[in-house]
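Student: A single structure is presented below for examination.
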Amino acid sequence: MAKVGCAILGSGNIGTDLMIKIIETSTVLELLIFAGIEESSEGLAMARERSVKTTHDGIDGAKQLAEWSSVDIVFDATSAGAHGYHNEVCQIDGKQMVDLTPAAIGPYCVPVVNLEDHLEEANVNMVTCGGQATIPIVAAVRSVSKSVPYAEIVASVSSRSAGPGTRANIDEFTDTTSRGIEVVGGAERGKAIIVLNPAEPPMIMRDTVYTLSVGAETTDIEDAVDAMVARVQSYVPGYELKQKVQFERFGSNNRLHIPGMGDYEGVKSTVFLEVEGAGHYLPKYAGNLDIMTAAAMSTAERIASLKFGVAA
């Protein structure tokens, strides 16, 4: 069966994990080019071992390769700062972009929440690892509520799984995730915090989601969260709810005060998540990378099916 040709920009942790995922598991995508800027990077060496065409001259080098003309989808696993130029090149050359940086030039895309809304876009943004893990939960709560005035997420990841790209994009991570909580998750106001935990042995990614919802029953929230977790597990098997959703009610006699917003009545939900990686390239504790690459591949496969007629 014919596959859709793709390229990956960025030979770091995320790009390398995505490369192995595509090569070993995708029935829809064929990796033709793997581009980085460090000639001695492990990722480029691994790509060459797998007979993938490589370049250490970034997207400019990728454009010079004969395989570039057969590439339909380009994954950007570099940095928010570099993505602007990469997008310009790909739009001129008619390439579909799946952006794994926090640049957010294209619309935010969380596959289980709003993928169908953006299948025609030339550039889709995968938000952040914290966004991919937590926005589905905010959306689940919002789906059974009249409103979600506030949602806050705390993403805790092992320091070992945070490479140079992740560390360079901390500010973009918080801004992009916060905005994604609002735009995709449906909260009126969102806040995101990331914690790089140096614990040894390394900890598996943990996420805590707090929401204040109005007009929702706790049983409905619990059912919606359970259903959403099952949907995410379809492409991230290591995604788990660690315990039952915790609830606290706020009424007219004990309103919840949110600084800068006011006092509210409603239900506060607290959701504890764990994300274990599939171990394609990095250790299983690096679930923060795994959920990004899994979401990106799932998005690209759906786009391949719609735009290029390749069945999964």
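Student: Applying the selection to segment 196-253, what residues are in a strand (DSSP E or B), within 16 Å of Arg142 (Cβ to Cβ) and among the aliphatic types (A, V, I, L, M)?
Tutor: Residues satisfying the conditions are Val209, Leu212, Val214.
Student: Related question: Any residue at all in segment 25-39 that's over 17 Å from the mean Cα position of the chain (by Cα) and assigned to a helix (DSSP H, G or I)?
Tutor: Yes, because at least one residue in segment 25-39 is over 17 Å from the mean Cα position of the chain (by Cα) and assigned to a helix (DSSP H, G or I).
Student: Go through segment 275-303 residue by residue and tally those that are touching a Lys or Arg at 6+ places or on another chain (Cβ under 6 Å) and either within 15 Å of Asp99 (Cα to Cα) or open to solvent by less than 10 Å² (accessible area, probe 1.4 Å) (or both). So that I can check it myself, show each step before the final result.
Tutor: Of the residues in segment 275-303, the ones touching a Lys or Arg at 6+ places or on another chain (Cβ under 6 Å) are 276-277, 280, 293, 297.
The next check asks that each one be either within 15 Å of Asp99 (Cα to Cα) or open to solvent by less than 10 Å² (accessible area, probe 1.4 Å) (or both); those that pass are 277, 293, 297.
Matching residues across segment 275-303 total 3.
Student: With Ile73, Ile33, Ile37, Ile20 as the choices, which residue is over 21 Å from Val236 (Cα atoms), in contact with a Phe, Trp or Tyr (Cβ under 8 Å, 6 or more places away or on another chain) and modelled with pLDDT of 95 or more?
Tutor: Just a single option satisfies the conditions, and that option is Ile33.
Student: For Gly43, which of the numbered conditions (1) buried (at least 21 other Cβ atoms within 10 Å of the Cβ); (2) at pLDDT 95 or above; (3) part of a loop (DSSP other than H, G, I, E, B); (4) of a type outside the set (D, E, K, R) fails to hold?
Tutor: Answer for Gly43: the failing condition is (3).
Student: Is it the case that some residue within segment 262-274 is basic (Lys, Arg), assigned to a helix (DSSP H, G or I) and surrounded by fewer than 23 Cβ atoms within 10 Å (Cβ to Cβ)? Explain how you work it out, then say what you get.
Tutor: If we filter segment 262-274 for residues that are basic (Lys, Arg), which is where we start, we get 268.
From what is left, the residues that are assigned to a helix (DSSP H, G or I) are none.
Within segment 262-274 (the criterion being basic (Lys, Arg), assigned to a helix (DSSP H, G or I) and surrounded by fewer than 23 Cβ atoms within 10 Å (Cβ to Cβ)), the answer is no, since none of the residues qualifies.
Student: Among (1) modelled with pLDDT under 95; (2) over 19 Å from the mean Cα position of the chain (by Cα); (3) of a type outside the set (Lys, Arg), there is one condition Glu222 misses while meeting the rest; what is its number?
Tutor: Every listed condition holds for Glu222 apart from (1).
Student: Would you please list the contacts, defined by Cβ atoms under 9 Å and residues six or more apart or on different chains, that run from a residue in segment 294-312 that is farther than 11 Å from Ile22 by Cβ and of a type in the set (D, E, K, R) to a residue that is modelled with pLDDT under 95 and open to solvent by 40 Å² or more (accessible area, probe 1.4 Å)?
Tutor: From segment 294-312, the pairs are Arg302/Glu116; Arg302/Ala312; Lys307/Glu120.
Student: Right, another one. Give the number of residues within segment 94-123 that are assigned to a strand (DSSP E or B) and touching a residue at least 40 places away in the same chain (Cβ under 8 Å). Show your work before the answer.
Tutor: Going through segment 94-123, the residues assigned to a strand (DSSP E or B) turn out to be 96-99, 108, 123.
Remaining after also requiring touching a residue at least 40 places away in the same chain (Cβ under 8 Å): 96, 98, 108.
So the count comes out to 3.
Student: Give Lys307, Lys268, Lys244 a once-over and let me know the one that is at pLDDT 95 or above and out of contact with any helix residue (DSSP H, G or I) (no Cβ under 8 Å at 6 or more places or on another chain).
Tutor: On the way: Lys307 fails: at pLDDT 95 or above; Lys244 fails: out of contact with any helix residue (DSSP H, G or I) (no Cβ under 8 Å at 6 or more places or on another chain).
Exactly one residue qualifies, and that residue is Lys268.
Student: Further question on the same structure: Hey, among the residues in segment 80-114 that are within 14 Å of the chain's Cα centre (by Cα) and polar (S, T, N, Q), which one's surrounded by the most Cβ atoms within 10 Å (Cβ to Cβ)?
Tutor: Thr101
Student: Taking the conditions exactly as written (assigned to a helix (DSSP H, G or I) and in contact (Cβ under 8 Å) with a residue 60 or more places away in the chain), does Ala151 satisfy them or not?
Tutor: Values: assigned to a helix (DSSP H, G or I): no; in contact (Cβ under 8 Å) with a residue 60 or more places away in the chain: yes.
Against the criterion (assigned to a helix (DSSP H, G or I) and in contact (Cβ under 8 Å) with a residue 60 or more places away in the chain), Ala151 does not qualify.
Student: Kindly list the number of the only condition in (1) touching a residue at least 60 places away in the same chain (Cβ under 8 Å); (2) under 30 Å from Arg189 (Cα atoms) that fails for His280.
Tutor: (2)
Student: Now, a different point. Restricting attention to segment 55-79, and to residues there that are over 25 Å from the mean Cα position of the chain (by Cα) and among the polar types (S, T, N, Q), which single residue is most open to solvent (accessible area, probe 1.4 Å)?
Tutor: Across segment 55-79, the extreme among qualifying residues is Gln64.
Student: While we're here: Look through segment 212-250, keep the residues that are out of contact with any strand residue (DSSP E or B) (no Cβ under 9 Å at 6 or more places or on another chain) and small (Gly, Ala, Ser), and return whichever of them is most open to solvent (accessible area, probe 1.4 Å).
Tutor: Here the residue is Ser234.
Student: Could you list all residues from segment 33-75 that are touching a Ser or Thr at 6+ places or on another chain (Cβ under 6 Å) and among the acidic types (Asp, Glu)? If you could, list the steps in order and put the result at the bottom.
Tutor: As a first pass, look at segment 33-75 and keep what is touching a Ser or Thr at 6+ places or on another chain (Cβ under 6 Å): 34-36, 41, 43-44, 47-48, 61-62.
Residues satisfying the conditions do not exist here.
Student: Could you pull out the residue among Arg189, Arg160, Arg179 that is within 19 Å of Cys109 (Cβ to Cβ) and open to solvent by 60 Å² or more (accessible area, probe 1.4 Å)?
Tutor: The conditions single out Arg179.
The values are calculated or read from the model by the stated rules, or taken from the named source; none is laboratory data. Source: prediction; values computed, not measured. All Cβ positions, even for glycine, are placed from backbone atoms using ideal geometry, and neighbour counts span all protein chains on display. Ligands, DNA and RNA are excluded from the accessible area calculation, which covers all protein heavy atoms including side chains. Shrake-Rupley method; radii C 1.70, N 1.55, O 1.52, S 1.80 Å.
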